[in-house]
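Have a look at the structure below before the remarks.
Readers should treat all values here as calculations from the given coordinates under stated rules, not as data from a laboratory. Here the structure is a predicted model, which is why all the values come from computation and not from measurement. Because the Cβ atoms are built from the backbone with ideal geometry, glycine has one as well, and the counts that use them run over all protein chains shown.
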Amino acid sequence: MLLHYCLFTITQTRDCPVSAPTHAQVTFNEFGLPVATAFGDIYFNNENGLAETNYVFLQHNDLPARWQTDYVRPFVIAESGFGTGLNLLACWQLLLEQAPAELKLHFISFEKYPLRPDDLRRALAAFPQLSDLAAELLAVYPPAEPGCHRRILAQGRIVLDLWVGAIDEQIAAWLPHSEQQVDAWFLDGFAPDKNPDMWQPELYEAMVQSAAPGATFATFTAAGKVRRGLLQAGVNVQKAKGFGVKREMLFGELRGAIAPHAPVTNNVKQVTIIGGGIAAACLAHELSGAGVSTEIISCGVADAASGNPQGAVYPLLHAERSPLAEYFSLAFGYATHFYQHYTTNHWHATGVVQLAYTEARQQRYEKIASARTNGGPGYDPAMVQFRSTAATQQLWQELPAYPALHYPTGGWLAPAAVVTQLFQGHKVKPSATLTRVSRSPEDGSSWQLEFADGQLLERDTVILACGAGLKQLLHPFGLQLQNVRGQVTQVEASAVSAQCPLVVCYKGYFTPVSQGRHCVGATYDRDSEDLTLRPADQQENLGNLIDNLAPVSWPKQLRPCADRAAIRNTTKDHLPVVGELKPGLWLLGGLGSRGFTAAPLAASALTAALVQRPLPLPAQLWQRLQPQRLCNR
């Protein structure tokens, strides 16, 4: 058989040091409105902030008149300062009241110092007419972690991408996959004399590069430096009467100084997905939302690694901000939001605790949870917290006296039920196992799919998302993937264990009760694909639970009642593999043991790349997920 090897040739995207953000420090003035102490400036007008937003940003970008035309893609707004989210809420209100029902909004915002949730709640209380929208925003408000936080609002009509961190760093990470995408720019933020670092030529140039045909901008300021910077970037700048007592403001068209390009269009109308697990299910869901028709082919649904009785969702973090930790800090937030939004009945936000049952683990966990001021990575405590022995036992008094990491927004789900629900509305075509993928001998532009029963299919755009099956399928392309066997054990709940309120992790994991049983897992056997159940693996699962939770005695009372073995697909760097291997051939795999944490964001990013819309990942991180990194050289 002829082997195809791929060349590892990628445009270099430098891994920039990304500043860990901190929350905004605010006070509330005599009107009860927020003031940023670092900048000595208000977040919105003391008299009527909502009226100013409507006047400056909505009216001078000609919204909603522009929304009345037919848009085949979401209307994209980019904003240079999220602040209290007032501009988002104003657009949201306008969308619901005056836009056609089929119009969708993609709102992209950058914020260096996000407000704490309590401060945000207090600030938005000034607008009771927006209370319902504000409550929905607050319910999905992300932690202060650097990078893009994608959230779904308004029953899917609004996608919010909140990029947290210094705007120069985040714009550089966002722009490579957002050129010619933005329809309207809200040039907001604290006044240029208060926050000069934001009002720089690089921002104006990014506005031009990201502008779609017919794109506009508006800003509350008419400062000479801002006007000159916009003009130098090639923007058509006009002046208008400012809001209230302000004399002037700026608005105009982002025609750009660069040579004109054709608008970005997506020619992909149908995609064939190979797979029946969480990767394929998330892809089907995301692609459908993007207006792409899907054909799903699989020899089963949730019958492999996605078919375990229970699965935990929590991030993989390091004591330094590694690319792996960067991915999982973003993927974790999106996954919990995704499951809560789309599979509510099968998602249980119980929290997850990771016990430091050895001194070495305690030292590592202390470093992971350390603040930047103490030389640590500075993860937001809303995502992960270090808890003392006493604080750990406050989570559940039957836990052993160990310190721990606590993920308060983590939890567990029912894997098969989640996969089945995400596939609702999609027909999964049963098939024999896919054994080979190759270029079509007819024209060389499409892909030939060969199945174990001899069936041959030809398709233009294919996504391989078939878990452990990827190892064999991708070997002819020179990709190196690893399969890992895992066995989980179910135990009958006891009177004590049935009270366990959260997922408990140690060398293995223990889930809260479901239908009278707990899940205890899991073994990790590299390069084994034998699904025969092993008594030794059951003993290993139960032994780890008893040993790692000693001296508490309740684990010794648990009795095994079932076991299940499955094969995980993983990569040498533990990052998922996501992207286009060859023209028309895409991959989503290598999800490893945290597949339900990694899959939703991976599917969202792949979908965005496929249909050429702004990605929910920094460019350098997206580059690290590409399949070419795993090729033989």
- request: Provide, as a two-decimal number, the C-alpha radius of gyration of the range 307-427 over 2.2 N^0.38 Å, N being how many residues it has.
  value: 1.17
query: Per-residue ellipticity at 222 nm for the chain, helices alone: DSSP H runs ≥ 4 residues times -39500 (n - 2.57), over residue total, nearest 500 deg cm²/dmol?
result: -7500 deg cm²/dmol
- prompt: For the chain, what's the relative contact order in percent, using C-alpha pairs closer than 8 Å and at least 6 residues apart?
  reply: 15
message: Output wanted: per-residue J couplings in Hz (rounded whole) for the range 74-88, from phi through Karplus 6.51 cos²θ - 1.76 cosθ + 1.60, θ = phi - 60°, x for Gly and Pro.
response: x, 6, 9, 10, 10, 9, 8, x, 6, x, 8, x, 5, 5, 4
field: Pairs beyond 32 Å (Cα-Cα), from 112/507; 112/582; 427/471; 429/471; 471/507
entry: 112/507; 112/582
query: Helix 201-210 versus the longest principal axis of the chain: what is the Cα-based angle in degrees, 0 to 90, to the nearest 10?
result: 70
Cα centroid separation, the range 492-544 to the range 81-151 (Å): 40
- request: Take the Cβ-Cβ distance between residue 496 and residue 452 as r, set R0 to 51 Å, and report the resulting FRET efficiency rounded to the nearest 0.05.
  value: 0.60
statement: Sorted by chain and number, the residues with a modelled amide H under 5 Å from that of residue 211, at a separation of 5 or more or across chains, are 180, 181, 182
field: the chain: angle of helix 323-342 to the longest principal axis, Cα-based, in degrees nearest 10
entry: 90
- request: Identify the trypsin sites (Lys or Arg not before Pro) of the range 265-371 meeting these criteria: DSSP loop state and at most 11 other C-beta atoms within 10 Å of the C-beta.
  value: 269
field: Cross-link partners of residue 246 among lysines (Cα-Cα below 21 Å; sequence separation of 8 or more within a chain)
entry: 194, 225
message: Cut-off 13 Å, label point 7 angstrom out along Cα-to-Cβ of residue 573: give me the residues of the range 601-628 whose amide nitrogen falls inside.
response: 620-628
task: Report, ordered by chain and residue number, the aspartates and glutamates lying within cross-link reach of residue 104, taken as a straight Cα distance under 12 Å and ignoring same-chain residues fewer than 8 apart.
output: 70
query: How long are the semi-axes of the ellipsoid equivalent to the chain, from square roots of 5 times the Cα gyration tensor eigenvalues, in whole Å, largest first?
result: 43, 32, 21
- prompt: Tell me, what ³J(HN,Hα) does each residue in the range 502-514 have, in order and in whole Hz, if you take phi through Karplus 6.51 cos²θ - 1.76 cosθ + 1.60 with θ = phi - 60° and put x for Gly and Pro?
  reply: 8, 6, 10, 10, 8, 6, x, 8, 9, 9, x, 5, 9
query: Hey, if you put +1 on the Cβ of every Lys and Arg and -1 on every Asp and Glu Cβ in the chain, which of 331, 600, 536 ends up farthest toward the positive end of that dipole?
result: 536
- prompt: Tell me, what HN-Hα J-couplings in whole Hz come from the Karplus equation 6.51 cos²θ - 1.76 cosθ + 1.60 at θ = phi - 60° for each residue of the range 427-443, using x for Gly and Pro?
  reply: 8, 8, 7, x, 8, 6, 5, 6, 10, 7, 10, 8, 5, 5, x, 6, 10
Residues 502, 395, sorted so that the one with the fewest Cβ neighbours within 10 Å comes first: 395, 502
message: Given N residues in the range 137-263, what is its alpha carbon radius of gyration divided by 2.2 N^0.38 Å?
response: 1.12
- request: Give the longest segment of the chain that steers clear of GluC sites (Glu not before Pro) in DSSP loops with at most 14 neighbouring Cβ atoms within 10 Å, not counting the sites themselves.
  value: 103-319
message: Output needed: percent of Cα pairs per 5 Å distance bin for the range 377-425, bins running from 0 to the one holding the longest distance.
response: 5, 18, 17, 16, 12, 11, 11, 8, 3, 1
Under 5 Å, built H, 5+ apart or other chain: amide partners of residue 562: 490
- request: Report, please, the projected area of the range 489-627 averaged over directions, based on the convex hull of its C-alpha atoms, in nm².
  value: 10.9
statement: Non-local residues with an amide H under 5 Å from the amide H of residue 26, with H modelled 1.01 Å from N and Pro and chain starts lacking one, are 37
statement: Residues 31, 110 in order from fewest to most other beta-carbon atoms within 10 Å are 31, 110
Relative contact order of the range 118-237, pairs being alpha-carbon contacts under 8 Å that are 6 or more residues apart, as %: 19
- prompt: For residue 27 and residue 97, FRET efficiency with R0 = 56 Å and r from the beta-carbon atoms, rounded to 0.05?
  reply: 0.95
In the range 394-459, the trypsin sites (Lys or Arg not before Pro) that fall in loop regions by DSSP, at most 14 other Cβ within 10 Å: 427
- prompt: Dipole magnitude of the chain about its Cα centre, charges +1 at Lys/Arg Cβ and -1 at Asp/Glu Cβ only, in debye to the nearest 20?
  reply: 520
- prompt: Where does helix 359-368 land angle-wise versus the long Cα axis of the chain, in degrees 0 to 90, nearest 10?
  reply: 20
- request: Specify the inter-centroid distance of the range 559-612 and the range 159-182, based on alpha-carbon positions, in whole Å.
  value: 24
- prompt: Of 141, 175, 49, which is farthest along the charge dipole of the range 26-253 in the positive direction, counting Lys and Arg as +1 and Asp and Glu as -1 at C-beta?
  reply: 49
field: Spatial separation of Cα centroids for the range 225-258 and the range 324-360, in angstrom
entry: 44
task: With only alpha-carbon atoms counted, please give the Rg and Dmax of the range 26-253, in Å.
output: 16.3, 47
